Amino acid sequence: MHEDDKGLFKWLSNINKFGFSLVQGVPATPEATQQLVERIGFIRQTHYGGFWDFTSDLAMGDLAYTNVALAAHTDTTYFTDPCGLQLFHLLSHTDGYGGASLLVDGFYAASILKDVHPEAYKVLSNVHIPAHAAGEPSVTYRPNPPTGYPVLGHDSVTGELTQVRWNNDDRSVMNQLDPHLVDEWF
C-alpha cells in the first residue's frame, strides 16, 4: 500500500466493487496494520476490544482462537449492528497449521438463490433467526430484538439486499418459530 491517495483509492474502489481487497506492502506489525485501518475509518470497540491482535489459544471460548477450519460465515451476527468491513493481516505463521481463509460472495449467492429458489430466498429474507455469543463464561451477547434478524436484510425503502448474516456457530435456539418455518428455513 502506497502512502499516496492513489493506492487508497484503488483499495477502496476494490472493496466497493468486489466486497474485499488484497493489500500488499504493509509491514507485518500490529502498529502498521492499525495505521492502515485508521486511514479509512475508526476501529469499532467490541467485547474483543478495539484493534484485535490474537493467536491460537484453546483456553478461549471462541472458535476464532483455534486453528480449526471455519465454514463460510459472517462475523458478529449476534450484534444488533454487526461489523461491516473487517481487515485481517497475517503477521506470522510459523511451526503451525491452519489459518487458511475462505471468501464467499454472499450477495452473489443470494442472487442465485433468488433466481433458482425464490421461495427459499423469501424465507431467508423474512424469518428472524436468533443469534448469540456465549464463549466466555462472563459474556453473553445477543441482538436486540432477541428474536434476531433475517439472514438476508433489505433496505426498507428500495428493497435492495443490503446485508447477509450467516453464521451456523452463532445461531441460537429457534424456539420462537413455528415448527413449519424451521423446516422451511433448513
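The values are calculated or read from the model by the stated rules, or taken from the named source; none is laboratory data. Predicted model, so just to flag it, every value in this text is computed and none were measured. Using ideal geometry, Cβ is built from the backbone for each residue, glycine included, and neighbour counts are taken over all protein chains shown. When the accessible area is computed, the model is the full protein with side chains, heavy atoms only, and any ligands, DNA or RNA have been set aside. Shrake-Rupley method; radii C 1.70, N 1.55, O 1.52, S 1.80 Å.
Annotations for the structure displayed:
- Partners of LYS122 within straight-line reach, counting lysines whose Cα lies under 18 Å from its Cα and excluding those fewer than 8 residues away in the same chain: LYS114.
- Using a Förster distance of 41 Å, the FRET efficiency for ASN175-TRP52 (Cβ separation, nearest 0.05): 0.80
- Inter-label distance for ILE43 and GLU31, nm, one decimal - labels placed 7 Å from Cα along Cα-to-Cβ: 1.3 nm
- Residue order for THR29, THR55 - accessible surface, 1.4 angstrom probe, largest first: THR55, THR29
- Matching the structure-derived semi-axes √(5λ) of the Cα gyration tensor in Å against the labelled list (i) 27, 19, 14; (ii) 31, 22, 15; (iii) 27, 23, 14 gives the label (ii).
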